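*Asks:* Provided herewith is a single structure, encoded as structure tokens, for subsequent inquiry.
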Amino acid sequence: MKPEELRQHLHGVCVISITPFKEDGTLDEAGYEKNLRFIMGGGLNAANATIVVGGSTGECGAMSPAERKAVLDCALSVCGDKLPVIAGCNSTNVREAIELAQYAEDRGAAGVMALSPYYYPAKDEACIYAFYKELASNTGLGILLYNNFEVMNIDCPISVLKRLKELPNVVGMKECTPAFFKMTRVVQEIGDKVSVVNGHGEFLEPYAALAGTAGFISSMSNFVPSRAAAIWEARSKGDYAKAKEIRDTMVPYMDLAVKYSGQGGEYKVISLLKYITDQVGSCGGWPRIPCIPLSDEEKTETRAVLKAIGL
């Protein structure tokens, strides 16, 4: 897929895929195939969505490059041309990110998403720019920038984003800024060349639509893809009241996700996502250490929330 095509496809739902593992920690390819087909069966396809595989929610930090390539291969074989696949290329170093991006390009992925190096987070603007420039110079795929304050402890400055938008294959951005006003300013400053995606997903919909974002990410699509599709359909027609009505059916889940995030950070939210995905008949699978399964008490609490949201 050409970069400009990816830019257009980002006007929709950007599914953030979990990665199912077996209890022994190995990749559950059959389970992953089941999960992907469940997502597509819920109304998400090339007309209204893309999917990111091997990203943060996909536990990329707990996988080897070879495993991440296997995840991508599985997704490409299942999704084909039915749902554009974006390869997560987060890494602590640019060479590995380039290796993953070039592999994705060779295999026919729609694009790549990358967070600038995060072991020692790149907090200097020159470091952030250098990383993306090097990545962009070594792949012809469209690139989805990734601003994740929780990981980087820095809110990627608009000044560096304005430089990055001039790179010809930078066509999208997953914006997870903690400041909603900053999201509006990012759209104003780089939205002419970059599809800015609401990185907080349904939590900020349809408010992020009013900020001018092209679309929204959705981790909830792992277990309730039909509602993400319905929110997008309403949002894309400008029916924000309807979009909010659908989004509000998920408030009990969002309350629980916020609670667990405060207790255990993103790891605990991933465990929550995986458990719920199993409960609705798809495959969440086991998390991989340092992410651990929910306790029995938390599972009971989660099942009550599932009932509250009608699942």
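The values are calculated or read from the model by the stated rules, or taken from the named source; none is laboratory data. Since the structure is predicted, the reported quantities are computational estimates derived from the model, not experimental observations. Cβ placement follows ideal geometry from the backbone for every residue including glycine, while neighbour counts extend to all protein chains displayed. Quick note on the areas: whole protein, heavy atoms, side chains included, nothing else; ligands and nucleic acids left out. Shrake-Rupley method; radii C 1.70, N 1.55, O 1.52, S 1.80 Å.
*Asks:* Using a 1.4 Å probe on the protein chains only, how many percent of the accessible area of the stretch 97-161 belongs to carbon and sulfur?
*Replies:* 49 percent
*Asks:* Give the Rg (one decimal place) followed by the Dmax (whole number) of the stretch 1-85, computed from C-alpha coordinates and expressed in Å.
*Replies:* In order Rg, Dmax, the Cα atoms of the stretch 1-85 give 12.8, 41 Å.
*Asks:* Just to be sure I understand: of the beta bridges DSSP finds with both ends in the stretch 1-158, what percent are antiparallel, rounded to 5?
*Replies:* Details: 1 of 15 bridges.
Here the share of antiparallel DSSP bridges comes out near 5 percent.
*Asks:* Skipping prolines and chain starts, which residues have an amide H placed within reach, meaning under 5 Å, of the one on M113, given they are 5 or more residues away or on another chain?
*Replies:* A87, G88, C89, L144
*Asks:* If each of L210 and K237 carries a label point 7 Å out from its Cα toward its Cβ, how far apart are those two points in nm?
*Replies:* Taking the simple label geometry, L210 and K237 are separated by 2.0 nm.
*Asks:* For the stretch 98-252, what is the convex hull (Cα atoms) projected area averaged across all directions, in square nanometres?
*Replies:* Working: hull surface 38.9 nm².
Seen from a random direction, the Cα hull of the stretch 98-252 projects 9.7 nm² on average.
*Asks:* How much net charge surrounds L210 when only other residues with a Cβ under 12 Å from its Cβ are counted (Lys, Arg +1; Asp, Glu -1)? Before the final figure, lay out the partial values.
*Replies:* Numbers: positive: R235, K244; negative: E205.
Counting the neighbours of L210, the net charge comes to +1.
*Asks:* Let me ask another. For the stretch 118-157, which semi-axes, largest first and in whole Å, follow from the square roots of 5 times the eigenvalues of its Cα gyration tensor?
*Replies:* After scaling each eigenvalue by five and taking roots: 19, 11, 8 Å.
*Asks:* In square angstrom, rounded to the nearest 10, how much accessible surface does S219 have for a 1.4 Å probe?
*Replies:* Rounded to the nearest 10, the figure is 30 Å².
*Asks:* Accessible area, 1.4 Å probe, largest first: how do W286, W232 sort? Could you put the intermediate results ahead of the total?
*Replies:* Numbers: W286 105, W232 35 Å².
Reading off the accessible areas and sorting them downward yields W286, W232.
*Asks:* Determine by what factor the alpha-carbon radius of gyration of the chain differs from 2.2 N^0.38 Å, reporting the quotient. Don't skip to the end; give the middle numbers.
*Replies:* Details: Rg = 17.8 Å, N = 311, 2.2 N^0.38 = 19.5 Å.
For the chain, the normalised Cα radius of gyration is 0.91.
*Asks:* Along the principal axes of its C-alpha atoms, what lengths does the stretch 84-166 span, in descending order and rounded to whole Å?
*Replies:* In descending order, the Cα extents are 33, 26, 21 Å.
*Asks:* GNM, the chain, Cα, under 10 Å: largest mean-square fluctuation among T26, T213, T177?
*Replies:* Of T26, T213, T177, the most mobile in the Gaussian network model is T26.
*Asks:* If you build a Gaussian network model of the chain, linking Cα atoms that sit under 10 Å apart, which residue out of S17, S295, S77 swings the most?
*Replies:* S295
*Asks:* Highest GNM mean-square fluctuation, the chain, Cα pairs closer than 10 Å: which of A66, A243, A101?
*Replies:* Residue with maximal mean-square fluctuation among A66, A243, A101: A66.
*Asks:* Something else now. Pull out a ≥ b ≥ c, the square roots of the eigenvalues of the alpha-carbon gyration tensor of the stretch 173-272, then state rounded if a/c is under 1.5, prolate if not and a/b is larger than b/c, and oblate in the remaining case. If you can, show how the numbers build up before the last one.
*Replies:* Details: a/c = 2.05, a/b = 1.27, b/c = 1.61.
Oblate, since a/c reaches 1.5 and b/c is not below a/b.
*Asks:* Here's another thing I want to ask about it. Which number comes out as Rg/Rh for the stretch 146-205 once both Rg and the Kirkwood Rh are worked out on C-alpha atoms?
*Replies:* Values: Rg = 10.8 Å, Rh = 11.6 Å.
My calculation puts Rg/Rh at 0.93.
*Asks:* Sticking with this structure for a sec: Among the trypsin sites (Lys or Arg not before Pro) in the stretch 232-311, which ones are in a DSSP loop with at most 12 other Cβ atoms within 10 Å of the Cβ? Mind listing them?
*Replies:* On the way: sites: R235, K237, K242, K244, R247, K259, K268, K274, R288, K299, R303, K307; in loops: K237, R288.
Taking the stretch 232-311 and a limit of 12 other Cβ atoms within 10 Å, the loop trypsin sites (Lys or Arg not before Pro) found are K237.
*Asks:* Based on the Cβ-Cβ distance of E245 and A308, what FRET efficiency does E = 1/(1 + (r/R0)^6) give at R0 = 22 Å, to the nearest 0.05?
*Replies:* My answer for the efficiency is 0.85.
*Asks:* By per-residue mean of other Cβ atoms within 10 Å, what is the highest-first order of 37-49, 137-149?
*Replies:* Working: 37-49: 19.2, 137-149: 21.8.
The packing order, highest mean first, is 137-149, 37-49.
*Asks:* Kindly write out, for the stretch 25-41 in residue order, the coupling ³J(HN,Hα) from the Karplus curve 6.51 cos²θ - 1.76 cosθ + 1.60 (θ = phi - 60°), rounded to whole Hz, with x marking Gly and Pro.
*Replies:* x, 7, 5, 9, 5, 5, x, 5, 4, 4, 4, 5, 5, 5, 4, 5, x
*Asks:* Let me ask something else about it. In percent, how large is the relative contact order of the chain, given Cα pairs closer than 8 Å and 6 or more residues apart?
*Replies:* On the way: 596 pairs, mean separation 65.4, N = 311.
In percent, rounded to a whole number, it is 21.
*Asks:* Rounded to a whole number, what % of the accessible area of the stretch 216-279 do carbon and sulfur atoms account for, probe 1.4 Å? Can you show the working numbers first?
*Replies:* On the way: 1240 of 2450 Å².
Result for the stretch 216-279: 51 percent of the exposed heavy-atom area is carbon or sulfur.
*Asks:* In Å², what does the accessible area per residue of the chain work out to with a 1.4 Å probe?
*Replies:* Numbers: 12360 Å² over 311 residues.
Averaged over the residues of the chain, the accessible area is 40 Å².
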